[in-house]
Structures are given as C-alpha cells and as structure tokens.
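The structure appears below as structure tokens.
Please treat every number below as a calculation from the coordinates, not as lab data. Keep in mind it's a predicted model, so treat the numbers as computed, not measured. Here the Cβ positions follow ideal geometry from the backbone for every residue, glycine too, while neighbour counts run over all protein chains shown.
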Amino acid sequence: MKTLREAVQEAQQQKRAIGHFNVASVEMIQAVVGAGKDTELPVIVGVSEGERDVFGTTALVALLHTIREKTGREIYLNADHTYSVERVKEAIDAGFDSVIFDGAELSFEENIVKTKECVAYARASGRDVLVEGELGFIGIGSKMLDALPEGVAVTDETMTTVADALRFVQETGVDMLAPAVGNVHGMLKGGHNPQLNPERVAEIAQAVEIPLVLHGGSGITDEDFTAAISKGISIVHISTELRVAYRQSLQLSLQESPEELAPYKFMKPVISAVRDVAVRRLKLFAGL
Ligand code: G3H
Ligand code: ZN
C-alpha cells in the first residue's frame, strides 16, 4: 500500500490530481469509499475540526484504517482546516495521514511560526505525516453563497504571490501548499465561481516544487480544473457539492417514502447521489 506522500508525488509527476472529499456522516464515508472503488483511484477523506467532532478523532481513524486494511484500497485520511497547533498535534497523534494548519487569516509571520511548529511535531512523530500550509484567504465554510465573501483573494493582485509562496515553503518546510489562485470556499448560487489563474498555479508550482492543493473545488468549471491540474495542482478539495447532493437527495427520499423509518433504506439514494458526484470529480481530476 502506497503512503499518501507516494500517492501525491505520483499524481504530481503524472500531472493529475487526487480527489479530497469532506465527510460529516458515515453515509458520506461510504459514498467516498464507494467512489474510490468505482474508479479504482485513490481518495482522500477529509474532516475539518467540526467534522472531526462529529465522529471523535480516534474512532474515525480506527474506522478508516479498518476499511483501508480490509479493502486494500488507497483511502487516506486528512485533518482538514485546523486552526490551532494543539488540534494539529491531536490529529498527528491520532494517526491521520496528513494535517492542514490553516493560518490563512493570520499575519504572514505568525502563519510561518505556527506552521513551522506543526511541521516539527509531524517530523518528531515517527510517522510519515504530511503537513499542508495555507496562504491567502479564500473564505470559510462549505455553503451556497449569495455573493463572494468579503476579503477573498481572487484578483491577480490579491492572490498568493510566487515570492510569498516560496518564502513560506522554505521557512516552514511544509510538504504541500494550498495557495489562493482564484478559488473560494463554497459555491455561488448564481452560477460558476470565479475563474482560476492557471498561470499563477504554474509559477508557484515551479518555484516551490512541492505538490499544490486546490481548496474550494465546488463550483469550478471542468475547463478550469483541467487547466489548473495540468499546471501543478495535485489534490483538489470538494465539499459543498457533496453537501448539496446529500441534502437534495435526502429531501427527495423522505418525500417519496414518508412512512419509511429504516435509515439504511431512506439513506440509500443519498449515498449513491454523493457517490456519483465524487465519481465524476475523481474521473475529471485523473484525466479519465
Ligand atoms: O477543505 C474543504 C474545501 O476546500 C472544500 O471547498 O466546499 O468549496 O468544495 P468547497
Ligand atoms: Zn478547504
């Protein structure tokens, strides 16, 4: 079984991206694991701090490790958007394959100091845990948006610069970097999200050399994804699209079977709706 580091390096070399999907229920885990099975591609199951609290960190790691061992498939676990060093340490101790310290809203210097502390802890853990750093504010929360959140770095002037990315990577020693390159968390109600800047992706990728992660994948056009991946994005995060599929299919399922009480029955279409979204995204990211 490949480690996540090996899987991401392979994706980086082959100019394709691995799908990272946020989960907040057992059904969502089933859907993402199922999508990995359908496509025979690696998947990263992501849980932010709030999502982790739904399961309990230890229970979640035990569940995912068991699924991985029993199926023999590449299923990795990422501690997504973690805002304190303490919670990064907790995730490393619990056995996550990767952790993200999200200091995008901190000052550049403070982000460096705290990210560096996370990297040092990961290195001392005795396991190969990847640490991802964040540069540039792209909004918070996987939800439907009426308008772009205030302060998001989506213009060429405000998005992550090559110089900042390089300095950040050199000083922190992170394994992966999530830059702001036109991406935002959440999905605009009125249409597609802002366009990505694939040239900036290329410049940053060339300068830092480590794999780049694209957050805020929901609402991005297929063309933008393909361009950004060809320029150096090695992981793409998707959450809002899964949540929308989950909620819409659940509403429909309950409407169609108003008397049904067995969750494993009324949740069945929900799992397949979320699975379908993940399959479509995985294929696109892998160039299939
Ligand atoms: O970390 C999670 C994501 O970046 C997902 O963003 O909700 O816009 O797909 P999204
Ligand atoms: Zn994100």
### Query
Which loop-located GluC sites (Glu not before Pro) does segment 1-94 contain, where loop means any DSSP state but H, G, I, E or B and the Cβ has at most 12 other Cβ atoms within 10 Å?
40
### Query
Roughly how many debye, to the nearest 20, is the charge dipole of segment 208-254 about its Cα centre, given +1 on each Lys and Arg Cβ, -1 on each Asp and Glu Cβ, and no other charges?
240
### Query
Along the charge dipole of the chain, which of 29, 158, 239 sits closest to the positive end, that is, farthest toward it, with unit charges on the beta carbon of Lys, Arg, Asp and Glu (+1, +1, -1, -1)?
29
### Query
For residue 255 and residue 86, what is the calculated FRET efficiency with R₀ set at 30 Å and r taken between the beta-carbons, to the nearest 0.05?
0.10
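What FRET efficiency comes out for the pair residue 248/residue 150, r = Cβ-Cβ distance, R0 = 30 Å, nearest 0.05?
The pair residue 248/residue 150 has a calculated efficiency of 0.60.
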### Query
Per the helix-only calculation at 222 nm, which mean residue ellipticity applies to the chain, given -39500 (n - 2.57) for every DSSP H run of n ≥ 4 and division by its residues, nearest 500 deg cm²/dmol?
-15500 deg cm²/dmol
### Query
Can you list the HN-Hα couplings for segment 109-124, worked out from phi with the Karplus curve (6.51, -1.76, 1.60; θ = phi - 60°), rounded to whole Hz and with x for Gly and Pro?
5, 5, 4, 4, 4, 6, 5, 4, 5, 5, 4, 4, 5, 5, 5, 7
### Task
Go through segment 15-20 residue by residue and turn each phi into a ³J(HN,Hα) via Karplus (6.51, -1.76, 1.60, θ = phi - 60°); whole Hz please, and just put x for glycine and proline.
6, 10, 10, 8, x, 10
### Task
Output the relative contact order of segment 1-98, whole-number percent, from Cα pairs under 8 angstrom with separation of 6+ residues.
28
### Task
Treat every Asp and Glu Cβ in segment 241-288 as -1 and every Lys and Arg Cβ as +1, leave all other atoms uncharged, and give the resulting dipole magnitude about the Cα centre to the nearest 20 debye.
320
### Task
For segment 71-113 and segment 255-288, write down the distance between their C-alpha centroids in whole Å.
28
### Query
Pairs 89/231; 37/265; 89/189; 37/114; 89/283: which exceed 30 Å Cα-Cα?
89/231; 89/189; 37/114; 89/283
### Query
Taking the Cα centre of each part, how many Å lie between segment 6-66 and segment 120-173?
20
### Query
When ranked by the protection proxy of mean other Cβ atoms within 10 Å per residue, highest first, what sequence do the peptides 179-185, 235-241, 135-141 form?
179-185, 235-241, 135-141
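What is the magnitude of the charge dipole of the chain about its Cα centre, with +1 placed on the Cβ of each Lys and Arg, -1 on the Cβ of each Asp and Glu, and no other charges, expressed in debye to the nearest 20?
Dipole of the chain, to the nearest 20 debye: 860 debye.
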## Note on the structure
With residue 129 itself left out, Lys, Arg at +1 and Asp, Glu at -1 over residues whose Cβ is under 13 Å from its Cβ give -2
### Neighbour-count order for 174, 32, fewest beta carbons within 10 angstrom listed first
174, 32
#### Entry: Pair residue 264, residue 59: separation of 7 Å Cα→Cβ label points (nm)
1.8
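Dividing the Cα radius of gyration by the Kirkwood radius, what Rg/Rh value follows for segment 17-70?
Computed over Cα atoms, the ratio is 0.95.
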#### Entry: residue 69/residue 157 FRET efficiency (R0 51 Å; Cβ-Cβ; nearest 0.05)
0.60
